[in-house]
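Notes follow the structure.
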Amino acid sequence: MAIVSEKIQTFTILASSILFIYSAVSFAIRYIDTDIISYNEKDFIAENYYIPENIVFNKKNNIIIVLAESLENSFGADFHETSYIERLEKVRDAAVHTPHMVQVYGTGWTIAAVTAWHFGLPLKTPHNIDGNRYISRSGFLPHATSIFDILHENGYTLKLLLGSDKHFSGKHILFPGHGKFEIQDKAYFLSKGYELEGHQGTEWGYRDAFLFDRAVEEYLRLKQKGIPFVLFIETVDTHSPNGFCPEENKKFFDIRDAIIELDRNIDKFFKKIKQYDTNQEDIVIILGDHYFMGIPDFMKTVQQRYIYNMFYGPVPILPEQKKNAVISALDIAPTLLQCAGARWENGRFGLGVSFFSEEPSLVEQYGLEKLNDLLSNTSKKYESFY
């Protein structure tokens, strides 16, 4: 009996050991396979990120970029009985544009949209840091390449004008760190003797009308130097919830007044630039940064919202199939670079595809919902940019 009992005990131990080893190996294989599959699925950015190496400039165009806070195509006549951007619709119709610019993951606030315009990437902050508080000592995505880095390396002078504080959301790190931008902000204008009293718009700082007057002056200075430049102007008077409009111009007493005021100010600025650009050689680009935050009453019947965009001047020829293309802020980076005169083997940069390329954008390839899911996943490639 003792021998039988001992054999049973030995068998039981052996069987348990085999079962344990089998379970461990099975778990390891399953874990490794899952991890590989998960990594491939999540690192969508690694699979699609592209930076061209052989960029050439046939001609170096001057670029004027107006970041129009929260400006949507959805404010126009196609969506309402009355257009709130009547002047800008006329400007847009005379320029290259798409009626279908959408907002994708990681581009839905100003610094995030600007990040996409720089790098062709969404803004994914480390350690769940607030999207407006990514203030890194090592730089703003210091290991990523910006189109403005390339323009600076090719002899461009770059200026950023804004009526608010450059320190908010890290612009004082992003713009000088990528492109060596010189910045004129609220503190700069105060130092030059421009008092806020009589010029203030929202609580952020100077009103847009003041900023556009300074932008015209800066444009003339840059133009006189005869070297290629980027003049980047950031507006703020249409910031949610109420924006800013002078009392004498108010009609609706809600955000619509600020939208109409922005329409008036940009149109005035655009006409001045074209007046001084006697050879009609400079390119003016007006872009909404993201959807208006929230849904004001006049927008509640709008089913699909689209971001305003227009590219005016000697821009590349738009392929026929791109006239109603669906693009996002990711695609603005290569589009701006090609507007400046850069050419390379394809129209890709970062995750973006130039509006002037025959290739479809990622949002067209995957659809908005799927693309948002893919962009939101963890990416080792993106983490390498911090």
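Note on segment 81-203: with neighbouring protein chains present and a 1.4 Å probe, carbon and sulfur make up 44 percent of its accessible heavy-atom surface. Assuming R0 = 30 Å, what is the FRET efficiency of GLN224 and ASP93, from their Cβ-Cβ distance, to the nearest 0.05? It comes out at approximately 0.40. With axes computed from alpha carbons, what is the tilt in degrees of helix 255-276 against the longest principal axis of the chain, rounded to the nearest 10 within 0 to 90? Value to nearest ten degrees: 70. Taking the alpha carbon gyration tensor of the chain, multiplying each eigenvalue by 5 and rooting it gives semi-axes of 48, 23, 21 Å, largest first. Computed from Cα positions, the angle between helix 110-119 and the longest principal axis of the chain comes to roughly 80 degrees. Computed from label points 7 Å out along Cα-Cβ, the spacing between ILE129 and LYS192 is 3.0 nm. The Rg/Rh ratio for segment 258-341, using Cα coordinates for both the radius of gyration and the Kirkwood hydrodynamic radius, is 1.01.
With a Förster radius of 22 Å applied to the beta-carbon distance between VAL56 and LYS323, the computed FRET efficiency rounds to 0.25. Per atom type, segment 285-386 shows carbon and sulfur on 48% of its accessible surface, probed at 1.4 Å. May I ask you to give the solvent-accessible area per residue for the chain, in square angstrom, as obtained with a 1.4 angstrom probe? About 47 Å² of surface per residue is accessible. Working from label points 7 Å from Cα in the Cα-to-Cβ sense, the ARG137 to GLU359 distance is 3.8 nm.
Among LEU196, TYR219, ALA209, whose Cα projects farthest towards the positive end of the dipole of the chain, with charges put on the beta-carbon of Lys, Arg (+1) and Asp, Glu (-1)? Ranked along the dipole, the leading option is TYR219. Residue pairs exceeding 25 angstrom between C-alpha atoms, taken from LYS90/LYS250; LYS60/LYS225; LYS225/LYS323; LYS90/LYS166; LYS166/LYS370; LYS60/LYS381: LYS225/LYS323; LYS90/LYS166; LYS166/LYS370; LYS60/LYS381.
Given +1 at the Cβ of Lys and Arg, -1 at the Cβ of Asp and Glu and no other charges, the dipole of the chain around its Cα centre is 720 debye to the nearest 20.
Placing +1 on the Cβ of every Lys and Arg and -1 on the Cβ of every Asp and Glu, with no other charges, gives segment 190-263 a dipole of roughly 440 debye about its Cα centre.
Taking 13 Å as the cut-off, the amide N atoms of segment 351-386 that come nearer than this to a point 7 Å along the Cα-to-beta-carbon line of ALA46 belong to 378-385.
The values are calculated or read from the model by the stated rules, or taken from the named source; none is laboratory data. The shown structure was predicted, so the numbers you read here are calculated from the model rather than taken from an experiment. Reconstructed Cβ throughout: ideal geometry from the backbone, glycine too, with neighbour counts over all protein chains shown. Accessible surface is based on the protein model in full, side chains and every heavy atom, while ligands, DNA and RNA are left aside. Shrake-Rupley method; radii C 1.70, N 1.55, O 1.52, S 1.80 Å.
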